[in-house]
1. Could you give the distance between the Cα centres of segment A:14-74 and segment B:185-199, to the whole Å?
2. As a check on your grasp of the helix formula, calculate [θ] at 222 nm for chain A: sum -39500 (n - 2.57) over DSSP H runs of n ≥ 4, divide by the residue count, round to the nearest 500.
3. Quick check: pseudo-label points 7 Å beyond the Cα along Cα→Cβ at A:ALA341 and B:THR99, how many nm apart are they?
4. Tell me, what is the FRET efficiency for B:GLU91 and A:ALA215 to the nearest 0.05, using R0 = 51 angstrom and their Cβ-Cβ distance as r?
5. Hey, got a sec? Which trypsin sites (Lys or Arg not before Pro) in segment A:1-73 land in a DSSP loop and have at most 11 other Cβ atoms within 10 Å?
6. I'd like the distance between the alpha-carbon centres of segment A:329-359 and segment B:44-84, rounded to an integer number of Å.
7. Take the alpha-carbon centre of segment A:365-428, take the same for segment A:124-164, and report the distance between them in whole Å.
8. Please report the antiparallel percentage of the DSSP beta bridges confined to the protein assembly as shown, to the nearest 5.
Amino acid sequence: MTDILITNGRVIDPANNIDEVCDVWIENGTVAGVGKFDGSAKQSIDAKGLIVCPGLIDMHVHLREPGEEWKEDIESGSQAAVAGGITTICTMPNTEPCIDHAGIVLQVIARAKEIGLCNLRPIGAVTRNLKGTELTEMRELSRSGAVAFSDDGKPIWHAGVMRKALEYSSSFGYLIIQHAEEKQLTDGGSVNEGWVSTQLGVQGMPVEGEDSMIARDIMLTRRADARYHVAHISSKGAVEQVRLAQKQGLKVTAEAAPHHFALTENEVLNFNADAKMSPPLRTEEDRLAVIEGLRDGTIEVIATDHAPHHEDDKRCGLSCAAFGIVGLETMLPISLDLERAGVLSMSDLIAKMTSNPAKLLNIPEGSLSQGNAADICIFDPQAEWTLDREKLFSKGRNTPWHSRTMTGQVQYTLKDGRVVFEKGSLKA
Amino acid sequence: MPKPLFGLKHLFGIGDLNREQITSLVNLGDDFIDINSRSVKKDATLRGRTVINLFFENSTRTRTSFEIAGKRLSADVINISASTSATKKGESLLDTGQTLAAMQPHVLVIRHSVAGTCEFLSEFLEDTALINAGDGSHEHPTQILTDLLTLKRSMGDIQGKTMTIVGDIAHSRVARSHMLAAKIMGYNVRIVAPKTLLPAFVENYGCEVFHDFDAALDGTDILYMLRVQTERLTTNCCFPSIREYHETYGLNMKRLKAAGDHCMVMHPGPMNRGVEIATDVADSMKSLILEQVEHGVAVRMAALTALCGGATEE
């Protein structure tokens, strides 16, 4: 007798090239098989009309613990993740203290394990205290569980330091993730520089802030033969540069956030601070370029840049408001628009939230291979619901999608073969 | 609450107004000029109304003219500036706004360095009419109404006239509001500045853009000089020196003459003599600068009347 049987669902497991209506069965918290199950089960889930896929991975998340737990903590962030069908999150190191020592890596992993809702795989800092001057002990951070390195939010502006970071990290095969933003061009800005910023009378952040740093980084990546990943790519120029670098055989990859392929700068025309983030929402031309990058594979990963903030930091006028929006609970429905629009097949779309980030980070999650931990997302791609920010599991209320209709809803999330989220509620 | 006039609940920006509303406000301002020149400068229009001037940025003429405007119409006017407010004790803008609104004023007049402050506060302050007295680089509607009243009285119909605005367009709320007003009211705007002082896609406003001041003079009816914030100019590399700025974009007698005898000079103040405008030009017969200040009181009387001077609804 098997422990859990998921029947009749459309099983999509891109890592194993599976896309068919069949069963998934689970024993001892691991995937025991995918195919036609014959026998009895202690518990069964009827997934008729639903999609069954590996638990999603979000490789760009800010959880604020330790240091700013009033904005989010590992518990509320884990809850938001599984509510969004996400079972593995990679947390950015800009906590307080930041993740630049092994002790903090171990601490956040242990805390997530204690909560037991989702895997937390931290991203270590590239430089000590995110100061951009001295490298962290990447070897030890990696041994402790860091899966990549980034000074996210504080771009590594010093070209010499970036060169050394790429050279050192690539000596051991580590991935460097850059929030590409030349602050000397963007400082003081709140929104994309263009006609919208002009009409608002708000200082803009020119697209060249992103593009110029990526151009520099790609040159340094070439020399170092490094692995370089562009976080939350948002501009046409950036997508084009990544595409060209890949054609030249460089190990350059990119992720896109749902807001950058779903929304444009027009969202801030009413001074909406819940549509303020960095990089900012850009033009329709940029949005379409990001979509094309997702379609042709230039952008391999969808990641949210989940950035919860307290409402006090958002309710102070657009130019004073903090950067960032929450994303864990909206990643799937917003991304499903790409499938509905014919940009990506369902399998290719799911790959960008499962097998692709897993491969990039060299982690075992993101597939339904036999023996893998049974981290599974079961969702209804058609179900419509209205997003109410007061009902988010995240402590953050900062979403531009409040009161909008979402299509696609998570029905069940399983972690290690245990149902942790079912039809709107967390399971104890 | 009093019923607002001209369909105005708030006054956020020129961009929210239509031609009829702008014309009505200017004409009402025109009617109030008379009170200001009487020996007894008092009218009962706003008796029983409370107006709070909440200024987070320094201001002399705008704050004073709102205060005088309210007082001459018998409103109770309270002035609060950032240096005396609880902001210094760490209170948020929203809390300051809500606290003052709880004291039930009819109108809050707000100046703040954050663009969209009135739009932001209006979501939380339901019963208080808000007037934007300048928000960041966004809008300054009462300045534009003041200018339109001044032009109406000195030139008559502004339709088809060409206003040439010179200076730091990028950071100017006055320039933005004029570019919006020009489209609505049918006058032309030329802007003159180096690229370092222009906002992105400024041509989308439908204005002509010049980098060469001298090339923009011919055909200009109004030379509108903007104050140069000297500290902003050099530290942000917007311009190499005051000397070169004055030489390139300053309005001197030679340029005023080249523009032609019909051309008038305006400035929203405060002026930097010898920087954007030469002293002899500022003091010349062509200068409307003091008329602007005078008419500013009348227009603010009109704005306050529009928002809280109507018949009271019980």
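1. Between the Cα centres of segment A:14-74 and segment B:185-199 lies a distance of 58 Å.
2. Estimated from H runs of four or more residues: -8500 deg cm²/dmol.
3. The modelled label-to-label distance comes out at 4.6 nm.
4. Working from the Cβ atoms, E equals 0.70.
5. Details: sites: A:ARG10, A:LYS36, A:LYS42, A:LYS48, A:ARG64, A:LYS71; in loops: A:LYS36, A:LYS48, A:ARG64, A:LYS71.
Those that pass, being in a loop and sparsely packed, are A:LYS36, A:LYS48.
6. Measuring centre to centre over Cα atoms gives 56 Å.
7. First find each Cα centre; the distance between them is then 32 Å.
8. Around 35 percent of the beta bridges assigned by DSSP in the protein assembly as shown are antiparallel ones.
FYI, it's all coordinate maths here, none of it is from the lab. Only a predicted model underlies this, so the values are computations on that prediction, with no experimental measurement involved. We place every Cβ from the backbone using ideal geometry, glycine too, and count neighbours over all the protein chains shown.
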